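> I have a structure here, written as C-alpha coordinates, and I will follow up with some questions on it.
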Amino acid sequence: MKKPAKSSSDDAVGIHPNHNVQRNYPAKVRFCPLCGSPMASRPILPENAIRKVCTQCGFVLFPGPKLVAGCLVIDAGKVLLLRRGNWPALGKWTFPGGYVDFGENASEAAIRETREEVGMRVELDGLLGVFSDEKSPALTIVVYLAKTGPEPPSTSEEASEVRYFGPDEIPWRELAFPTTVDAITAWVASTRRQPNP
(Lines give C-alpha, C1' and ligand atoms only; values in the text may rest on other atoms or scores of the structure.)
Protein backbone atom coordinates (compact mmCIF):
# COMPACT_ATOMS: atom_id res chain seq x y z
CA MET A 1 0.00 0.00 0.00
CA LYS A 2 1.27 3.43 -0.93
CA LYS A 3 2.04 5.77 1.94
CA PRO A 4 -0.13 8.93 1.86
CA ALA A 5 1.62 12.10 0.80
CA LYS A 6 2.75 14.31 3.61
CA SER A 7 0.63 17.43 3.89
CA SER A 8 2.19 20.87 4.16
CA SER A 9 0.59 21.24 7.60
CA ASP A 10 2.91 18.44 8.87
CA ASP A 11 5.87 20.75 8.25
CA ALA A 12 4.34 23.48 10.41
CA VAL A 13 4.28 21.37 13.60
CA GLY A 14 6.84 22.79 16.01
CA ILE A 15 9.42 20.64 17.77
CA HIS A 16 11.76 21.08 20.70
CA PRO A 17 15.44 20.63 19.83
CA ASN A 18 17.09 17.56 21.33
CA HIS A 19 20.25 19.03 22.84
CA ASN A 20 21.85 15.59 23.11
CA VAL A 21 21.55 15.24 19.34
CA GLN A 22 22.65 18.83 18.72
CA ARG A 23 25.92 18.11 20.51
CA ASN A 24 26.79 15.64 17.73
CA TYR A 25 27.29 18.57 15.37
CA PRO A 26 29.73 18.96 13.67
CA ALA A 27 31.64 15.76 14.58
CA LYS A 28 29.02 13.37 13.21
CA VAL A 29 27.99 15.24 10.06
CA ARG A 30 27.89 12.67 7.28
CA PHE A 31 26.36 14.48 4.32
CA CYS A 32 27.03 17.78 2.55
CA PRO A 33 24.54 20.52 3.46
CA LEU A 34 24.77 21.86 -0.10
CA CYS A 35 24.48 18.81 -2.37
CA GLY A 36 23.74 15.89 -0.03
CA SER A 37 26.81 13.84 -1.00
CA PRO A 38 28.93 12.02 1.60
CA MET A 39 31.49 13.99 3.62
CA ALA A 40 35.02 12.74 4.29
CA SER A 41 37.67 13.98 6.73
CA ARG A 42 40.60 15.57 4.91
CA PRO A 43 43.47 17.93 5.74
CA ILE A 44 42.81 21.51 4.64
CA LEU A 45 45.77 23.52 3.39
CA PRO A 46 47.80 25.42 4.42
CA GLU A 47 47.43 24.53 8.13
CA ASN A 48 46.57 20.83 7.53
CA ALA A 49 43.63 20.98 9.96
CA ILE A 50 41.32 17.99 9.51
CA ARG A 51 37.85 19.09 8.36
CA LYS A 52 34.81 17.44 6.80
CA VAL A 53 34.87 17.90 3.01
CA CYS A 54 32.18 16.98 0.50
CA THR A 55 33.35 14.18 -1.81
CA GLN A 56 31.40 15.67 -4.73
CA CYS A 57 31.23 19.48 -4.65
CA GLY A 58 34.23 20.18 -2.37
CA PHE A 59 32.29 22.13 0.28
CA VAL A 60 34.40 22.39 3.46
CA LEU A 61 32.59 22.39 6.80
CA PHE A 62 34.35 24.94 9.02
CA PRO A 63 32.76 24.45 12.42
CA GLY A 64 32.60 27.53 14.62
CA PRO A 65 31.65 28.03 18.23
CA LYS A 66 28.01 28.43 19.17
CA LEU A 67 27.41 31.94 20.42
CA VAL A 68 24.89 32.46 23.21
CA ALA A 69 23.79 35.82 24.62
CA GLY A 70 21.93 36.63 27.80
CA CYS A 71 20.92 39.35 30.23
CA LEU A 72 21.31 39.80 33.93
CA VAL A 73 18.26 41.97 34.54
CA ILE A 74 18.94 44.06 37.65
CA ASP A 75 16.24 45.75 39.74
CA ALA A 76 16.87 47.37 43.14
CA GLY A 77 20.18 45.56 43.51
CA LYS A 78 18.73 42.13 42.75
CA VAL A 79 19.19 39.91 39.70
CA LEU A 80 16.35 38.21 37.83
CA LEU A 81 16.70 34.45 37.47
CA LEU A 82 14.36 31.97 35.82
CA ARG A 83 13.78 28.33 36.64
CA ARG A 84 14.30 26.42 33.38
CA GLY A 85 11.18 24.87 31.94
CA ASN A 86 13.02 22.71 29.41
CA TRP A 87 16.08 20.50 28.98
CA PRO A 88 18.94 20.63 29.52
CA ALA A 89 19.04 21.55 33.23
CA LEU A 90 15.26 21.38 33.65
CA GLY A 91 14.23 23.00 36.93
CA LYS A 92 17.57 24.72 37.52
CA TRP A 93 18.04 28.50 37.80
CA THR A 94 19.68 30.68 35.15
CA PHE A 95 19.23 34.09 33.55
CA PRO A 96 17.39 34.78 30.26
CA GLY A 97 19.50 33.87 27.26
CA GLY A 98 19.87 31.71 24.21
CA TYR A 99 21.56 31.16 20.88
CA VAL A 100 22.38 34.11 18.63
CA ASP A 101 20.52 33.67 15.33
CA PHE A 102 22.26 34.01 11.99
CA GLY A 103 22.31 37.69 11.00
CA GLU A 104 21.73 38.88 14.57
CA ASN A 105 24.32 40.44 16.86
CA ALA A 106 24.81 39.39 20.49
CA SER A 107 23.10 42.41 22.04
CA GLU A 108 20.01 41.96 19.84
CA ALA A 109 19.88 38.28 20.77
CA ALA A 110 20.15 39.04 24.50
CA ILE A 111 17.23 41.49 24.30
CA ARG A 112 15.15 39.09 22.15
CA GLU A 113 15.77 36.09 24.41
CA THR A 114 14.83 38.11 27.51
CA ARG A 115 11.55 39.16 25.86
CA GLU A 116 10.81 35.59 24.72
CA GLU A 117 11.67 33.89 28.02
CA VAL A 118 10.38 36.32 30.66
CA GLY A 119 8.20 38.74 28.66
CA MET A 120 10.28 41.85 29.40
CA ARG A 121 11.54 44.57 27.08
CA VAL A 122 14.84 45.57 28.66
CA GLU A 123 17.52 48.17 28.05
CA LEU A 124 21.11 46.97 28.05
CA ASP A 125 23.33 48.60 30.67
CA GLY A 126 26.81 47.40 29.73
CA LEU A 127 28.69 44.17 29.16
CA LEU A 128 29.19 41.96 32.21
CA GLY A 129 31.54 39.54 30.47
CA VAL A 130 32.18 36.73 28.02
CA PHE A 131 32.20 33.22 29.49
CA SER A 132 33.09 29.74 28.23
CA ASP A 133 32.43 26.29 29.61
CA GLU A 134 35.52 24.05 29.75
CA LYS A 135 33.26 20.99 29.27
CA SER A 136 31.64 22.53 26.19
CA PRO A 137 34.45 24.48 24.51
CA ALA A 138 32.35 25.11 21.42
CA LEU A 139 29.99 27.28 23.48
CA THR A 140 30.66 30.93 24.35
CA ILE A 141 28.18 33.20 26.12
CA VAL A 142 28.09 36.99 26.07
CA VAL A 143 26.33 38.34 29.17
CA TYR A 144 24.97 41.86 29.43
CA LEU A 145 23.64 43.78 32.39
CA ALA A 146 20.15 45.13 31.73
CA LYS A 147 17.67 47.57 33.21
CA THR A 148 14.08 46.46 33.67
CA GLY A 149 11.48 47.45 31.14
CA PRO A 150 7.88 48.51 31.77
CA GLU A 151 6.63 44.92 32.14
CA PRO A 152 7.12 42.75 35.19
CA PRO A 153 8.80 39.39 34.49
CA SER A 154 6.45 36.55 33.63
CA THR A 155 6.69 32.80 33.23
CA SER A 156 6.74 31.06 29.85
CA GLU A 157 7.30 27.62 28.40
CA GLU A 158 11.01 28.19 28.96
CA ALA A 159 10.68 29.75 32.42
CA SER A 160 8.51 27.87 34.91
CA GLU A 161 9.30 30.40 37.66
CA VAL A 162 10.89 33.86 37.74
CA ARG A 163 12.33 35.58 40.79
CA TYR A 164 14.74 38.31 41.83
CA PHE A 165 17.68 37.34 44.07
CA GLY A 166 20.00 39.58 46.04
CA PRO A 167 23.74 38.86 46.07
CA ASP A 168 23.38 36.92 49.35
CA GLU A 169 20.30 34.98 48.18
CA ILE A 170 21.68 33.24 45.06
CA PRO A 171 20.70 29.52 44.96
CA TRP A 172 24.27 28.47 44.08
CA ARG A 173 23.66 24.71 44.23
CA GLU A 174 20.67 25.02 41.92
CA LEU A 175 22.28 27.03 39.10
CA ALA A 176 21.93 25.48 35.66
CA PHE A 177 25.33 25.70 33.97
CA PRO A 178 28.98 26.48 34.74
CA THR A 179 28.59 29.67 32.69
CA THR A 180 25.60 30.63 34.86
CA VAL A 181 27.80 30.25 37.95
CA ASP A 182 30.60 32.25 36.31
CA ALA A 183 28.33 35.13 35.26
CA ILE A 184 26.52 35.32 38.62
CA THR A 185 29.88 35.16 40.43
CA ALA A 186 31.11 38.11 38.33
CA TRP A 187 27.94 40.08 39.07
CA VAL A 188 28.13 39.40 42.82
CA ALA A 189 31.80 40.47 42.82
CA SER A 190 30.85 43.69 40.99
CA THR A 191 28.25 44.49 43.67
CA ARG A 192 30.90 44.14 46.37
CA ARG A 193 33.13 46.68 44.61
CA GLN A 194 30.42 49.34 44.34
CA PRO A 195 30.43 52.02 47.02
CA ASN A 196 27.39 52.21 49.27
CA PRO A 197 25.17 55.27 48.61
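> Note the angle between two axes, namely the Cα long axis of helix 106-118 and the longest principal axis of the Cα atoms of the chain, as a number of degrees from 0 to 90, rounded to the nearest 10.
70 degrees
> A follow-up question, please. Convert each backbone phi in the stretch 150-159 into a coupling constant with the Karplus relation 6.51 cos²θ - 1.76 cosθ + 1.60 (shift: θ = phi - 60°), then list the ³J(HN,Hα) values in order as whole Hz, x for Gly and Pro.
x, 8, x, x, 9, 7, 7, 4, 8, 10
> Let me ask something additional. Counting Lys +1, Arg +1, Asp -1, Glu -1, what net charge surrounds Val130 among other residues with beta carbon under 15 Å of its beta carbon?
Neighbourhood net charge equals -2.
> Let me ask something else. Quick check: with the 1.4 Å probe, what order do Leu82, Leu90, Leu124 take by accessible area, largest first?
My answer, sorted largest first, is Leu90, Leu124, Leu82.
> Taking a probe of 1.4 Å, how large is the accessible area per residue of the chain, in Å²?
64 Å²
> Right, something else. I want to verify a result. In a Gaussian network model of the chain, Cα cutoff 10 Å, which of these has the top mean-square fluctuation: Ile141, Ile50, Ile170?
Largest GNM mean-square fluctuation: Ile50.
> Of Pro38, Pro26, Pro46, which is the most mobile in a GNM of the chain whose springs link Cα atoms less than 10 angstrom apart?
Pro46
> Same structure again: Given the chain, what percent of its DSSP beta bridges are antiparallel, to the nearest 5?
75 percent
> Residue by residue through the stretch 124-138, what is 3J(HN,Hα) from phi via Karplus (6.51 cos²θ - 1.76 cosθ + 1.60, θ = phi - 60°)? Round to whole Hz and write x for glycine and proline.
Result, rounded to whole Hz: 5, 10, x, 8, 7, x, 10, 10, 10, 9, 4, 7, 10, x, 7.
> Placing unit charges on C-beta atoms (Lys and Arg positive, Asp and Glu negative, everything else neutral), compute the dipole magnitude of the chain about its Cα centre in debye, rounded to 20.
Here the chain has a charge dipole of around 900 debye.
> Total Lys pairs in the chain closer than 27 Å by alpha-carbon, pairs eight or more apart in sequence or interchain only?
So the count works out to 12.
> State whether the stretch 1-110 is rounded, prolate or oblate according to the following rule on the C-alpha gyration tensor (a ≥ b ≥ c being the square roots of its eigenvalues): a/c under 1.5 gives rounded; otherwise a/b larger than b/c gives prolate, and the remaining case gives oblate.
Here the stretch 1-110 falls in the oblate category.
> Further question: State, in angstrom, two size descriptors of the chain derived from its alpha carbons: Rg to one decimal place and Dmax to the nearest whole number.
20.6, 78
> Rounded to a whole number, what % of the accessible area of the chain do carbon and sulfur atoms account for, probe 1.4 Å?
The C+S portion of the solvent-accessible surface of the chain is 54 percent.
> Right, another one. Treating the angle as unsigned and between 0 and 90°, give the value, to the nearest 10°, between the Cα long axis of helix 178-193 and the longest Cα principal axis of the chain.
Approximately 30 degrees, to the nearest ten.
The values are calculated or read from the model by the stated rules, or taken from the named source; none is laboratory data. Since this is a predicted model, take the numbers as computed values, not measurements. Ideal geometry is used to build each Cβ from the backbone, glycine not excepted, and the neighbour counts take in all protein chains shown. Each accessible area value is taken on the protein alone, full model and side chains, heavy atoms only, with ligands, DNA and RNA left out. Shrake-Rupley method; radii C 1.70, N 1.55, O 1.52, S 1.80 Å.
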